[in-house]
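Below you'll find the structure, written out as structure tokens, and then a few comments.
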Amino acid sequence: MRETVANEFRTWRPDAPAPAVSAEFAAGISAVSQIVWGEHCSECDYPRCYSTCGFYDPRPDLNCRRFIGGIEAAPGGLTRIRFRRWGKLEGHGPAPLWPLSQARRRQARDEAISRTLAGIPAPFAVHRRLADRRNSAKSRPPRGPEIVPDAFVVEGWSGDGVERPFTLAFLQDNPERTMFQTSFQLTSECARLVVPLAEIAASIDLASPYLIQIEPVGEAEGVCAIFTLTDFVALATVEPPADKERPLVKVVVWDLDETLWRGILAEDGAGRLEARPEAVAAIKALDAKGVLHSIASKNDETEAMAALRAFGLDDYFLHPQIGWGPKSVAVARIASALDLGLDSFAFIDDQAFERAEVSTAHPSVRGLPETSISDLVDHPWFDHPPTAESAGRRSLYQAEAKRKEAAAGDYDYLGFLRGAELILTVAPLGPDDVERVFELSQRTNQLNFTGAKLTRDAALAMVSPDETRRRLTLRCADRFGDYGLIGFADLDLAAGELSAFFMSCRVQRKRVEHAAFTHFADLLRQAGHRAFRVSFRPTARNAAAARLLRELGFRQGDLDSEGSAPWERPQGRPFEDSDIVRVSLSPIGSG
């Protein structure tokens, strides 16, 4: 909520859509505080400054105008602040929480009343009294039981697209001026700062009067910020989908303090920490099954990694996120780095708040308390078949990290790929490949053209010779390491169609697809087909496969009664960049 100002009510309409505001996070909020915010000055010396400060610019209520246009509201609950020099956003606490439905009605009512007050033809003194009464009324607590907040949230983006640093401060209204302060950045993308209530309450008595201040770091003149939320929130309990509807867990993200180890690093020091034996055993056993591990911890990164090295565990964790930001952001970064869907993630943390914060932002992530660690290995979420590929999965991702590091700063990406010496080995499906092909079909979602999940028996049946079909395995390697068996294709030579195709996302965007489809096209051309058809059935998770087909030059036909749509491409036109990856043909699978 914004402060009601006598004779003034401003709105604006964004000229561009909001950048990636998280609907999932908003849906997980059950109550909000609706702090009454006003514009203030970081160098305020009221009231003397009104007569001595050269920057004094009176609003209609004679208070100093610190924002260009005031606190401006827009459709969709957006608020725009265009700061002048020394401008800051300030609110007061205690701040009671309102159930979300009531909060929305209060917001709409407040805006309607503000418009009405601004349009009343009355003396300024009358406007001033009405505005003061309205601001006082907005601070009254709701009837009913008190709602305890989980966190304070600031969400928004930079209105001019320039990265801007800000501070969020809570100041106790007492002689000692007790203070809590943290910082955050606003960029062209929507960003969210989530501060757990316990962190603020460690310094501020939230039941006593205090100030809340948000202001730019450094020169404020001209800084534009757009906020979607600046309030205390209570998070709703998110009901996860039923286990039978979810894929197996591929990644476990671990908290550290009182989770992976007993003790708190910042308080006890590394020498007094004790790695939980059940956690160490689970990490090693799941790693052998091909489950990846990472970290989301609020700690000093250097100290935390040193502690993990002392326990001999540091090499097990991919793309660890150790810092002071929200753990939902850390989990999202890990998913992006691994190029895996969040619905294949589990998050383990001893703090209920942290699990709620992650599950609210990412409902598909499965949260577990530290008390469940001893049961992880036998949990049905981790029922992966053990294969040689599984045991080496971590090393494959570590090699990929080295590839990305080697490519950093190299703007000639295709030149980098050529220097990587990629080799695609194509071979008929053999008996030794069956378990890996079964596993790959179960795990692959993004680049699975039909969404089909093969059974072991179905995979084994495909080993039998059939002159009208080619059941092919795809293996890949480069100078950084071996990816192993990364794909499978079922090519129907009689129909001129690729009837099934799935491939690990580990080699996506490396032109492996271009080389593979060039080989498939050659086989179909030799069988007398002038067009290359691909069977495709859209699923909730294979949009990447459709994008790949478009990039390869295929065009989609009409959907049939089963929701399947063949894609087609004329023969004779080469696949772009297919020469980057060398294709090697093998008479049998290599196991």
* Asked: Out of curiosity, is Arg140 modelled with pLDDT under 75, part of a loop (DSSP other than H, G, I, E, B) and either in contact with a Pro (Cβ under 6 Å, 6 or more places away or on another chain) or over 28 Å from Cys190 (Cα atoms) (or both)?
  -> yes
* Quick check, is Ser578 in contact (Cβ under 8 Å) with a residue 40 or more places away in the chain, in the same structural domain as Val426 (by TED's automatic domain parsing) and in contact with a Leu (Cβ under 7 Å, 6 or more places away or on another chain)? -> no
* Asked: Looking only at residues in segment 82-96 that are more than 15 Å from Pro141 (Cα to Cα) and touching a Ser or Thr at 6+ places or on another chain (Cβ under 6 Å), which one is surrounded by the most Cβ atoms within 10 Å (Cβ to Cβ)?
  -> Lys88
* Breaking point among (1) assigned to a helix (DSSP H, G or I); (2) at pLDDT below 90; (3) β-branched (Val, Ile, Thr); (4) closer than 18 Å to Ala285 by Cα, for Val329 -> (4)
* Starting from segment 199-212, take each residue that is within 18 Å of Ser139 (Cβ to Cβ) and list its partners that are in a loop (DSSP other than H, G, I, E, B) and acidic (Asp, Glu), counting only C-beta distances under 8 angstrom and pairs at least six apart or across chains. => Ser208/Asp173; Pro209/Asp173; Tyr210/Asp173; Leu211/Asp173
* Of the numbered conditions (1) touching a strand residue (DSSP E or B) at 6+ places or on another chain (Cβ under 7 Å); (2) loosely packed, with under 15 Cβ neighbours inside 10 Å, Ala285 satisfies every one except a single condition; which is it? -> (1)
* Residue check for Glu435: part of a loop (DSSP other than H, G, I, E, B), more than 26 Å from Pro538 (Cβ to Cβ) and without any contact (Cβ under 8 Å) to a residue 60 or more places away in the chain -> no
* Just checking, which of Ile200, Ile204 is modelled with pLDDT of 85 or more, part of a loop (DSSP other than H, G, I, E, B) and within 24 Å of Asn299 (Cα to Cα)? -> Ile204
* **Qualifying position, being in contact (Cβ under 8 Å) with a residue 60 or more places away in the chain and in contact with a strand residue (DSSP E or B) (Cβ under 8 Å, 6 or more places away or on another chain), among Gly484, Gly451, Gly496** => Gly484
* To do: Examine segment 310-323 for a residue that is charged (D, E, K, R) and either at pLDDT 90 or above or over 20 Å from Arg192 (Cβ atoms) (or both), and state whether such a residue exists.
  => yes
* Only listed residue being in the same structural domain as Pro465 (by TED's automatic domain parsing), in contact (Cβ under 8 Å) with a residue 24 or more places away in the chain, farther than 17 Å from Arg470 by Cα and not in a helix (DSSP H, G or I), chosen from Arg573, Arg537 -> Arg537
* Is at least one residue of segment 547-562 closer than 23 Å to Ala458 by Cα and under 36 Å from the mean Cα position of the chain (by Cα)? -> yes
* **Set Ser564, Ser586: member being modelled with pLDDT under 90, closer than 19 Å to Ala427 by Cα, out of contact with any Pro (no Cβ under 6 Å at 6 or more places or on another chain) and of a type in the set (S, T, N, Q)** => Ser586
* Asked: Out of the residues in segment 359-387 that are polar (S, T, N, Q) and assigned to a loop (DSSP other than H, G, I, E, B), which is modelled with the highest pLDDT?
  -> Ser364
* **Checklist (1) within 30 Å of the chain's Cα centre (by Cα); (2) part of a loop (DSSP other than H, G, I, E, B); (3) surrounded by fewer than 17 Cβ atoms within 10 Å (Cβ to Cβ); (4) at pLDDT 80 or above applied to Ser395, failing item** => (2)
* **Selected residue (only one of Ser183, Ser188 is modelled with pLDDT under 85 and either part of a strand (DSSP E or B) or of a type in the set (Ser, Thr, Tyr) (or both))** => Ser183
* Asked: In this structure, is His379 under 16 Å from the mean Cα position of the chain (by Cα), outside the structural domain of Val154 (by TED's automatic domain parsing) and more than 22 Å from Phe25 (Cα to Cα)?
  -> no
* Could you please find all residues in segment 436-487 being at pLDDT 85 or above, surrounded by fewer than 18 Cβ atoms within 10 Å (Cβ to Cβ), under 23 Å from Val583 (Cα atoms) and touching a helix residue (DSSP H, G or I) at 6+ places or on another chain (Cβ under 6 Å)? => Val463
* **Single match in Asp314, Asp257 (criterion: in contact with a Gly (Cβ under 8 Å, 6 or more places away or on another chain), outside the structural domain of Gly93 (by TED's automatic domain parsing) and either of a type in the set (Asp, Glu) or surrounded by fewer than 19 Cβ atoms within 10 Å (Cβ to Cβ) (or both))** => Asp257
* Number of positions in segment 499-515 that are in a loop (DSSP other than H, G, I, E, B) and either out of contact with any strand residue (DSSP E or B) (no Cβ under 6 Å at 6 or more places or on another chain) or outside the structural domain of Arg470 (by TED's automatic domain parsing) (or both) -> 4
* Single residue of segment 400-432 satisfying the filter (modelled with pLDDT of 70 or more and over 20 Å from Glu513 (Cα atoms)) that is surrounded by the most Cβ atoms within 10 Å (Cβ to Cβ) -> Gly430
* Within segment 438-477, which residues are of a type in the set (Asp, Glu) and part of a helix (DSSP H, G or I)? -> Glu439, Asp457
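This table checks each residue for (1) more than 15 Å from Gly325 (Cβ to Cβ); (2) charged (D, E, K, R); (3) within 26 Å of the chain's Cα centre (by Cα).
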{"site": "Asp150", "(1), (2), (3)": "yes, yes, yes"}
{"site": "Glu155", "(1), (2), (3)": "no, yes, yes"}
{"site": "Val162", "(1), (2), (3)": "yes, no, yes"}
{"site": "Pro165", "(1), (2), (3)": "no, no, yes"}
{"site": "Asn174", "(1), (2), (3)": "yes, no, no"}
{"site": "Met179", "(1), (2), (3)": "yes, no, no"}
{"site": "Ala191", "(1), (2), (3)": "no, no, yes"}
{"site": "Ala201", "(1), (2), (3)": "yes, no, no"}
{"site": "Glu219", "(1), (2), (3)": "yes, yes, no"}
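The values are calculated or read from the model by the stated rules, or taken from the named source; none is laboratory data. It should be emphasised that the depicted structure is a prediction, and the values quoted were computed from it without experimental measurement. Reconstructed Cβ throughout: ideal geometry from the backbone, glycine too, with neighbour counts over all protein chains shown.
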